[in-house]
Structures are given as C-alpha cells and as structure tokens.
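Taken together, the values in this text are just the output of simple stated rules run on the coordinates, not laboratory data. None of these values were measured; they are calculated from a predicted model. Here the Cβ positions follow ideal geometry from the backbone for every residue, glycine too, while neighbour counts run over all protein chains shown.
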Amino acid sequence: MNRLLAIDSATDALSLALLDDRGCHSLHRVMPRQHQQLLFSLLDELLGDRKLPELDLRAIVYGRGPGSFTGLRIAVSAAQGLAFSLGIPVIGVSSLETQVRTFLRSESVTDSARILSCIDARIGQVYGQWFDYDGSSLSAAGEAFVAVPDAIELPGRDDVGPLTVFGVGSGFGFLEAMPEAIREQASCWPDVLPEARDMFTTAEQALEAGQLQAPRAAAPDYVQTRIGWKTLAEQGRLA
C-alpha cells in the first residue's frame, strides 16, 4: 500500500493525516494563527508510538493552496523539511479540491452536481474553483481564481438537464454579494474546511501518474500572480 503523510494549513484549520498499515488516522483542529506553533506537537500526537523513519513513507503530501499566505508557507516548509530528512518526494494537492472531497465525504452526495469551492481571501475577495461531480468521480470544471464575490460566474454546460449546485467553504460568508444565479441555485456549506485525510485520493492518483516533486520544487499556489515565492531550487539552495 501507499504510506503517506498529509498536511494542510491553508485555512483556519490545521489538518494532518497519516495513511499506513494501520489505516487512515487524522487530526483536524481549527486554530487560527497557531499553525506554526502547534504543527509538530500535533504531528507527535498523530504518530503516537510510531516513528516517521520506520514508516517507509512514499511521499509527504502538502496542501498547496490557495489560501492563507502564511499557512501555505508553513505547509510547504514542513513538507520540505520532513521529505528532506526522510529522502522522499513531495506531492502538492489543491486545497480547494480537498475541501470539495471533504464535503462529498461528510454529506454523502450521490447525484451529479456542480460544486464551487471557495476560501475567504481576507481582502474582500475569495479564492474559488468550480468542480464537476458525476456521482462517483470529481473533476475540475475550470482553473482556480481569485475574485470579488459579485464577479464569480456560473460556468456554462454542454447538457440541458437539471443540475444540483453546491457551494462549500469559508468564501460563502460572502454569499449575499455573489451573483443572483449562484444565490438562487447553490445550496451552501460555509463551514466546510479542507481535511488532510481527503488529500489521499488525489495524492494516490499523482503517485500512479508519476507526478512527484523533489522537496526543493515544492511551492504554494497563491493564484494571485503578484505574490512572489521562490522554490529552494530557484533560491539556489541544495536539494
């Protein structure tokens, strides 16, 4: 089996999960602005009597965002440090996609749906991305974006049948400012936050496709292109 450790700190939640021979184990805590102080103590709690070097992990999985700038840096840096020490690669997973998978698991959605995943960008804007769900598999229906709430558009469709629309994530605190089409059609879950245990499906798909990163190549996805981040490779630091 694939043994993986996952970290997401893109939102107010700090979420860790371990997939190993004992199954999937996770810790999820909503702790705004405490991620850096508490990440490794939470990791120790998650591991219990297990030692990371003895787990034979395939990769460290990190939430690449978008989300809190500081939170993303914490997840990337932690993933890099752990992966360097263990001599293994990393896998970056969209926090917006993870948020949708958390919603799908908790709400047991069985019908086809279009889902808008939104995270509050804290500047009167939201990070968002549309996804399509066919009752069993999830796929992106567009690129991740950052926008003011009233500029979000409901994507067009090829078919003309009825469509269930869901909105998930903290960005839906701005629901009243969103366009009428979204307000009228979407059933919203604004309290959903990405949970690390829901990163493993995407991470295992990446493993199967050989989409692994060297630790030095790990980088957050800020979406806002004006925000600068240099990978360790770009900084000229050692792999």
Radius 12 Å from Cβ of S106, net charge of other residues (Lys, Arg +1; Asp, Glu -1): -1
Given 10 Å bins starting at zero, what is the percent of C-alpha pairs of the range 96-189 in each, up to the one with the largest pair distance? 17, 55, 27, 2
Relative contact order of the range 96-189, defined on C-alpha pairs under 8 angstrom at six or more residues apart (%): 29 percent
Under a point-charge model restricted to the Cβ atoms of Lys and Arg (+1) and Asp and Glu (-1), what is the dipole moment magnitude of the chain relative to its Cα centre, in debye to the nearest 20? 980 debye
Once you wrap a convex hull around the alpha carbon atoms of the chain, what is its projected area averaged over all directions, in nm²? 13.3 nm²
Can you give me the relative contact order of the chain as a percent, contacts being Cα pairs under 8 Å and 6 or more apart? 22 percent
Would you mind listing how long the range 1-104 runs along its three principal axes, going by Cα atoms, in whole Å with the largest first? 32, 30, 23
Sequence ranges 36-48, 185-197, ranked by mean other-Cβ count within 10 angstrom, highest first: 185-197, 36-48
